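Below is one structure, written out as structure tokens, with a few remarks after it.
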Amino acid sequence: MDLISTTSDLADACARFAAQPFVTVDTEFMRETTYYPKLCLIQMAAPDGFAALVDPLAKDLDLKPFVDLMADEGVVKVFHSARQDLEIVWMMGELLPHPFFDTQVAAMVCGYGDSVSYEQLVNDLAKAKIDKSSRFTDWSRRPLSEAQLSYALSDVTHLVKVYELLVAQLVETDRGAWLDDEMGVLTSPETYRADPAQAWRRLSGRMRKPREVAVLMEVAAWREKEAQTRNVPRGRILKDEAVIDIASSAPRSVEALGRLRTIPTGFERSRTGTDILAAVERGFLRDTADIKLPERGRSRGGNAAVVELLKVLLKAVAEAEGIAPKIIATVDELEAIADDDQADVPVLQGWRRTLFGEKALALKTGRLALSTEGGRVIVRELP
């Protein structure tokens, strides 16, 4: 198996893929030591049996033909668990593949469980086995072995059959539209824009005061910018625990920063320590009037029992309908329903409301009951 290493060969391959109704795509990358993923390999396959491996590390290779293929509206781009692959495509030209299909999301709708693996789908649908010996490999090293290339190619060749069978199941069950919300999140540019101003959100769960959140905003934004500029993992700049500790303690002097147990000895007197203290000061200058504390466990009080009942109902409905529970509703949404029959959540809209939301409201008002039969939960409507 030869790696495509010239722009002309890549253009020829992409032209052939562009003539197909769909192309399966996967990427291999490294990001253990970088902020941004380092693309090391691109794999593609088509239903006519044509497949290609592309070497992004080849000298002078221009990936524009691949980017153009990803933008081609006439070809469906098929991935499995596409989040990180789409991030890489987005980085190439700030575009996302369209039309797009994620077999992991489709598999959840078709009843294969939450976050089903590619290997499991290949086993169940394509009736094939994947050699996992090259799973943990350094894709940046050259040359790649035949075993590595064979493993990489199998990630897209078997995906052809998986995609075709999943589409057939979606058509048979008339559930194609159920994918729209999940696919919409994956193909939204906002999913991949690493905005430092929003970096604080993933760490805000422990904050109790608006001033803590204000400091967290500034310290997290500083760390994100620094990681992006230096292209290193954010944890290499400052661990999450340290960011949270700084936001909670708000040290305003070198001595106070040095007393934090999450800060390495001597760190406070470095240039980084100076930057952290400057970020803390910016946090103190922020107006906290509009800062809203993150919601935490709103239904863990009087409605906790209702939430638990809704969880049982969700599992029962998901099992009966052959769909992964997480596609129907999240725990946060169940908590919202427990609090408010008119909650503005996806599970009370569209097909999710028909499938589960109406039953959830009926359970709350005593119009629906849960019982067991043969070891299974049975949902019964009451007169």
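The values are calculated or read from the model by the stated rules, or taken from the named source; none is laboratory data. These numbers come from a predicted model, not from an experiment. In this analysis, Cβ positions are derived from the backbone assuming ideal geometry, glycine residues included, and neighbour counts consider all displayed protein chains. Surface areas here come from the heavy atoms of the whole protein model, side chains and all, with no ligands, DNA or RNA. Shrake-Rupley method; radii C 1.70, N 1.55, O 1.52, S 1.80 Å.
For this structure, a couple of remarks:
- Test: residue in the stretch 303-319 that is at pLDDT below 95, out of contact with any Cys (no Cβ under 7 Å at 6 or more places or on another chain), within 19 Å of Arg202 (Cα to Cα) and not in a helix (DSSP H, G or I): no
- First in the stretch 269-288 and at negative phi, second anywhere and in a helix (DSSP H, G or I) and open to solvent by 90 Å² or more (accessible area, probe 1.4 Å), Cβ under 6 Å, 6 or more apart: none
- Cβ-Cβ under 7 Å pairs, at least 6 apart or on other chains, the stretch 17-34 side more than 17 Å from Ser81 (Cα to Cα) and free of Cβ contacts under 8 Å to residues at least 60 places away in the same chain, far side of a type in the set (D, E, K, R) and open to solvent by 20 Å² or more (accessible area, probe 1.4 Å): Ala18/Asp72; Gln20/Asp48
- Filter result (within 29 Å of Ala227 (Cα to Cα), over 24 Å from the mean Cα position of the chain (by Cα) and either part of a loop (DSSP other than H, G, I, E, B) or hydroxyl-bearing (Ser, Thr, Tyr) (or both)) within the stretch 33-75: Asp55, Leu57, Ala58, Lys59, Asp60, Leu61, Asp62, Leu63
- Within the stretch 20-32, considering residues that are over 20 Å from the mean Cα position of the chain (by Cα) and open to solvent by 10 Å² or more (accessible area, probe 1.4 Å), the one nearest to Glu94 (Cα to Cα): Phe22
- Among the candidates Thr173, Thr157, residue that is under 19 Å from Phe101 (Cα atoms), among the hydroxyl-bearing types (Ser, Thr, Tyr) and in contact with a Ser or Thr (Cβ under 9 Å, 6 or more places away or on another chain): Thr157
- Test set (1) open to solvent by 40 Å² or more (accessible area, probe 1.4 Å); (2) in a loop (DSSP other than H, G, I, E, B); (3) over 17 Å from Phe79 (Cα atoms); (4) in contact with a helix residue (DSSP H, G or I) (Cβ under 7 Å, 6 or more places away or on another chain) - Ser115 fails condition number: (3)
- Applying the criterion of being acidic (Asp, Glu) and surrounded by 13 or more Cβ atoms within 10 Å (Cβ to Cβ) to the residues of the stretch 244-280, the residue that is farthest from Val215 (Cα to Cα) is Glu268.
- Among the candidates Glu358, Glu373, Glu319, residue that is free of Cβ contacts under 8 Å to residues at least 40 places away in the same chain and under 27 Å from Leu179 (Cβ atoms): Glu358
So that you can scan it fast, the table gives a plain yes or no per residue for (1) loosely packed, with under 13 Cβ neighbours inside 10 Å; (2) in contact (Cβ under 8 Å) with a residue 60 or more places away in the chain:
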site: Lys129; (1), (2): yes, no
site: Phe136; (1), (2): yes, no
site: Arg141; (1), (2): yes, no
site: Ser150; (1), (2): no, yes
site: Glu164; (1), (2): no, yes
site: Leu170; (1), (2): no, yes
site: Leu179; (1), (2): no, yes
site: Thr187; (1), (2): no, yes
site: Leu203; (1), (2): no, no
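- Residue satisfying condition, being among the charged types (D, E, K, R) and either crowded, with 21+ Cβ neighbours inside 10 Å or under 30 Å from Tyr112 (Cβ atoms) (or both), within set Asp62, Asp72, Asp68, Asp55: Asp72
- Among the residues making up the stretch 109-155, those that are small (Gly, Ala, Ser), more than 23 Å from Leu41 (Cα to Cα) and out of contact with any His (no Cβ under 8 Å at 6 or more places or on another chain) are Gly111, Gly113, Ser115.
- Filter result for Thr157 (of a type in the set (Ser, Thr, Tyr), part of a helix (DSSP H, G or I) and in contact (Cβ under 8 Å) with a residue 60 or more places away in the chain): yes
- The helices (runs of 4 or more DSSP H) located wholly in the stretch 172-288 that include 2 or more residues which are over 21 Å from the mean Cα position of the chain (by Cα) occupy 210-230, 234-237, 240-249, 254-258, 271-285.
- Residues of the stretch 14-32 satisfying the condition of being farther than 25 Å from Lys161 by Cα and assigned to a loop (DSSP other than H, G, I, E, B): Arg31, Glu32
- Residue among Glu281, Glu241, Glu255 that is out of contact with any helix residue (DSSP H, G or I) (no Cβ under 6 Å at 6 or more places or on another chain), modelled with pLDDT of 95 or more and within 30 Å of Glu333 (Cβ to Cβ): Glu241
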